[in-house]
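Each remark here refers to the structure printed beneath this line.
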Amino acid sequence: MIKFYRFCVALIAVCWTVSVQAAIDAYPFEDAAKEAQFRELINEIRCPKCQNQTISDSDAGLAKDLKDKTYEMVQQGASKEQVIDYMVQRYGDFVHYQPPIKQSTWVLWFGPFVFLLIAVIGVAVMIARKRSPKAAVGQLTDTEKARLAELMKKDDSNS
Amino acid sequence: MNKRIFLLLPLLAFIAVGVFFYSALFSDPRELESALVGKPVPEFQLPDLLNPQQQTDVDSFGEGPYLLNVWATWCPTCRAEHEFLNTLAAQGVKIVGLNYKDEPAKARRWLAQLGDPYVLNVLDYEGTFAIDLGVYGAPETFIVDRQGIIQYRHVGDVNARVWQEKLADLYRQAGE
Amino acid sequence: MIAEWGHIAQILALIVGVLLAIIPMVGSYRGWLNWMQMARPLAQLQFLLVAIAFAALCYAFVQDDFTLSYVAQNSNSKLPWYYKVSAVWGAHEGSLLLWILMLCGWQAAVSIFSRALPLVAIARVLAVMGMISVGFLAFIQFTSNPFETLLPFYPVDGRDLNPLLQDIGLIMHPPMLYMGYVGFAVAFAFAIAALLSGQLDAAWARWSRPWTLAAWISLTIGIALGSWWAYYELGWGGWWFWDPVENASFMPWLAGTALIHSLAVCEKRGVFKLWTVLLALSAFSLSLLGTFLVRSGVLVSVHAFASDPSRGLFILAFLFLVVGGSLALFAWKGAAIKSRGQYDLMSRETLLLGNNLLLVTATLVVLVGTIWPLIHKEIGWGTISVGPPFFNLIFSILIVPFVFLLGVGPLARWRRQPIGQLRQKLLFAIGLSVSAGILLNAVFGDVEHFHAALGVVMGLWVVICTIQEILANQRGNDSLIKALGKMSRSHWGMVFGHLGFAISVIGIALTSTYTTETDVRMQPGDSQPLAGYTVRFDQVGQLQGPNYRGTGGEFSVWDGDRKVAQLHAEKRQYLASGSVMTEAAIDAGLFRDLFVALGEPLGGDAWAVRLHYKPFVRWIWLGALVMSFGGALSICDRRYRLARRRQPSQITAQEVAG
């Protein structure tokens, strides 16, 4: 049975109550885990017919067919992977909103992290180099300071 | 100086992406390639549209090459392509039909009125076979080769221009 | 007749834009004073002309002038007058004119409120903005003209505004959003001008900062409004879908957030100059990129504009000019720019830089995630979809180090921060926030709730660190109140910005985890339990609106015997377009929303009804408002006002524009 929570936080204080799941559903489930899996799946499978919607959001007839199929498979005890595989076999990778990790998606999955890694190393090296004792100490050069002061006609320091 | 190379990187990345943007302007983002290309036509057990007592399966399609055309009477584009399918059938192109989520009586009336280019029509009232085929709308046309392998899927109507530019060659190759 | 005048004004604005792009720029290189002095009047004149064009289009809508093709397609005589006005920006052409109006508005504001700027700088800044306005005015004039007429054969009535857009959210959302998008054009123009002159210094950062903040505030509110609108109007109960259109607004926001922070460092410490310039160029470039993605039809999106290839080609060419040109300038001039400041590996600079990198990484995730399906397909690898499961996963990874650094950053000192001195504060914050998280997990322990606990831990961590930072301002014998009073407005701005972020994080984590949604079959008289409440379907009735009819469902929500709310959900059919719309009924609260939407009739008296219980969903938008408030405080800081004090006559107008 699925628990529904009313959740109340006044910063750390927490209180909630538990209630019972709805009895009648367009897709009724006995098993809360299966229902959760069904909900997750229909929110990750893309409707091939529509603009850019999950089969859960779409009103298209095909979306309903695929929801029915998903419901049927989940009720028969199929795992999440099995349902996704079933859909991908028929509609291609397109149908799952999470693309598979393969060579053609490496840039997508790892590109930003590779950028981050290189940038962090680069910054560390740069700072280490700059910390040589010979480097100038001032934050702004004197000319810069003068220019700033003149342009902004300001007298307080810029800390 | 290697600082300059770093400074050039954003520009180079932008240009690379821009090239793809340019080519994407001329293609339809909604077009979806079939996941079944290179695979055999999936198994099914469904009634014949014209003779619903008769069950059909993949073997009923017979020897390739053939076109597997997904159609329905509720689909206006199907009506637009029907005339050309008749022409193709008259030229000796083998076409099998998949009547997709349609009312059988209406479909039979349509064939009687507009002519029947199909050697066989499968009645897929629930759309189950269509899901196995990865159909996402009608009309769709699959080119199946001699070995029963799907070689190509065309989404949208088959007309004289599409046939001459693309499908005719693929159909010929499927027969080799 | 009025529409013709509007059209003429639009054409004149284009011509004035060309003059603005050329005259001051040439003058700045030749040192011709009077040419440079043309910048301000030209910028203001252009704004006036665009405002006339825009007003004329509004008038055409209000007067039902269906001789204009754009009005005929997007309005209807039965539309209430306020929707007629908002219909002006309900589709591609008019929204583009609104975009241009905003751009010229910023331009005029810069021309008025930057008296302290040297003439060369202001001439170049306004010339760059003039170039951008020329691009857009040419775009609207030659490919998307809202003043195109249908004469001599025009319809008796219009095709009506898309019912989705007949809503208060649409009245406010696009103007705020566009104000943010094009607001980054100011930072962009300042960056270009600085690159051209080679003077990339603290003064430059100080001038750019309030403008960038103003743009960022608008964008923050615009995105929050869009999210709120999607939540109640699309009838799905979702608040973020990772649709390309949303990503198009999120990318400049992420880059802009990085930019306001790096500008602060640049102003105070004179470091990160190149990085800041690149961010300033990127924030606006990403706005333009978003425009291209949304208006060219290269991506499949729920709310893309109708498009054709000629428009796409035009924007792409423009994108190449602006983005390519600016990045080329960056590569060419950037090498001469040196940052001189010195700082340790453990310092506020490094922590800020760390979070900057994380924000840029997040921008890259959204960027690559948005355009990789396009590239993947063009290469011939097939179609893929990148959506919520992908983005949610990556963002839930990136946010952890981001939030950690966000807490530590303000506590750390500039230049050098010995870790030992921070240890106590950090341990305290970690201890308090994690124990609260563990408390949550222990009481309601479930693996599923890990994300909620993590979200609360992260939110509390930011709050506790922020409070500690405020308290650290109390020095010597000063009372706490006095110490707080001494804090500058931009300091308070930071505090509210970070607290707002914490509120949003908590809201997102709790909503995502504890939302319950069910689609049920109900007849009048039926009751359904929903998260401890009972929802009763009281009755259905027929509706007759000004331009629609439909069915209304009355629901009452009970907590035991106590009635909590009366909800009225509608299903409307719009007469002109025939489209059917779901108007969800929401009982909003600080700690939870109850959401009821009427689905399809299921035969007999039964209806499919969608019931949602969404705890803390308001916190997401509340956090955005608090963040924006923080930004506004920063703009009001003394050091930006000092520069203005010498122009007392303009101060009131500034407040209006800001």
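The values are calculated or read from the model by the stated rules, or taken from the named source; none is laboratory data. Please read all numbers here as calculations on a predicted model, not as lab measurements. Every residue, glycine among them, receives a Cβ derived from its backbone with ideal geometry; neighbour counts consider all protein chains shown.
Miscellaneous remarks
- Tabulated pairs, the range C:484-497, first in a helix (DSSP H, G or I), second among the aromatic types (Phe, Trp, Tyr), C-beta under 6 angstrom, 6+ apart or interchain: C:Phe496/C:Phe629
- Considering the conditions (1) crowded, with 22+ Cβ neighbours inside 10 Å; (2) within 16 Å of C:Ser69 (Cα to Cα); (3) not polar (S, T, N, Q), C:Val128 is excluded by exactly one of them, (2).
- Count - residues of the range B:103-136 that are acidic (Asp, Glu), closer than 30 Å to A:Glu72 by Cβ and surrounded by fewer than 22 Cβ atoms within 10 Å (Cβ to Cβ): 3
- Close Cβ contacts (under 6 Å, 6 or more residues apart or on different chains) running from residues in the range C:264-275 that are closer than 21 Å to C:Gly493 by Cβ to residues that are outside any helix (DSSP H, G or I) and at pLDDT 90 or above are absent.
- Condition met for C:Ala317 (assigned to a helix (DSSP H, G or I) and within 12 Å of chain B (Cβ to nearest Cβ)): yes
- Just one residue in the set C:Thr383, C:Thr350, C:Thr363 is without any contact (Cβ under 8 Å) to a residue 12 or more places away in the chain, farther than 15 Å from A:Val120 by Cα and among the polar types (S, T, N, Q); that residue is C:Thr383.
- Selection from the range B:95-116 of residues that are within 14 Å of chain A (Cβ to nearest Cβ) and assigned to a strand (DSSP E or B): B:Tyr100
- Test result for C:Leu263, crowded, with 20+ Cβ neighbours inside 10 Å and at pLDDT below 85: no
- Pairing residues of the range C:27-44 that are in contact (Cβ under 8 Å) with a residue 12 or more places away in the chain with residues that are buried (at least 20 other Cβ atoms within 10 Å of the Cβ) and not in a helix (DSSP H, G or I), at Cβ distances under 7 Å and at least 6 apart in sequence or on separate chains, gives no pairs at all.
- Residues in the range C:241-254 include none that are over 12 Å from the mean Cα position of the chain (by Cα), assigned to a helix (DSSP H, G or I) and surrounded by fewer than 22 Cβ atoms within 10 Å (Cβ to Cβ).
- All positions within the range C:584-608 that are buried (at least 23 other Cβ atoms within 10 Å of the Cβ) and closer than 17 Å to C:Leu234 by Cβ: C:Phe595, C:Val596, C:Ala597, C:Leu598
- Counting only strands (runs of 3 or more DSSP E) wholly contained in the range C:527-569, the ones carrying 1 or more residues that are within 30 Å of C:Asp160 (Cα to Cα) and touching a residue at least 40 places away in the same chain (Cβ under 8 Å) occupy C:533-544, C:548-559.
- Tally, over the range C:320-348, of residues that are under 24 Å from C:Arg415 (Cα atoms), within 9 Å of another protein chain (Cβ to nearest Cβ) and in a helix (DSSP H, G or I): 0
- For A:Glu44: the one exception among (1) at pLDDT below 90; (2) surrounded by 22 or more Cβ atoms within 10 Å (Cβ to Cβ); (3) acidic (Asp, Glu): (1)
- Pairs with Cβ under 6 Å, 6+ apart, first in the range A:41-65 and closer than 21 Å to B:Asp28 by Cα, second in a loop (DSSP other than H, G, I, E, B) and among the β-branched types (Val, Ile, Thr): A:Cys47/A:Ile55; A:Gln51/C:Val300; A:Gln51/C:Val302; A:Asn52/C:Val300; A:Asn52/C:Val302
- Selection status of C:Arg572, part of a strand (DSSP E or B) and within 12 Å of chain A (Cβ to nearest Cβ): no
- For the range C:279-299, residues that are among the β-branched types (Val, Ile, Thr) and more than 11 Å from chain B (Cβ to nearest Cβ) total 2.
- Within the set B:Leu50, B:Leu88, B:Leu8, the sole residue that is surrounded by 15 or more Cβ atoms within 10 Å (Cβ to Cβ), part of a loop (DSSP other than H, G, I, E, B) and away from chain A (no Cβ under 12 Å) turns out to be B:Leu50.
- The range A:61-110, residues that are charged (D, E, K, R), surrounded by 18 or more Cβ atoms within 10 Å (Cβ to Cβ) and more than 9 Å from every other protein chain (Cβ to nearest Cβ): A:Lys67
- Helices (runs of 4 or more DSSP H) lying entirely in the range C:1-119 (those with 2 or more residues that are under 30 Å from the mean Cα position of the chain (by Cα)): C:2-30, C:39-62, C:69-74, C:81-86, C:92-113
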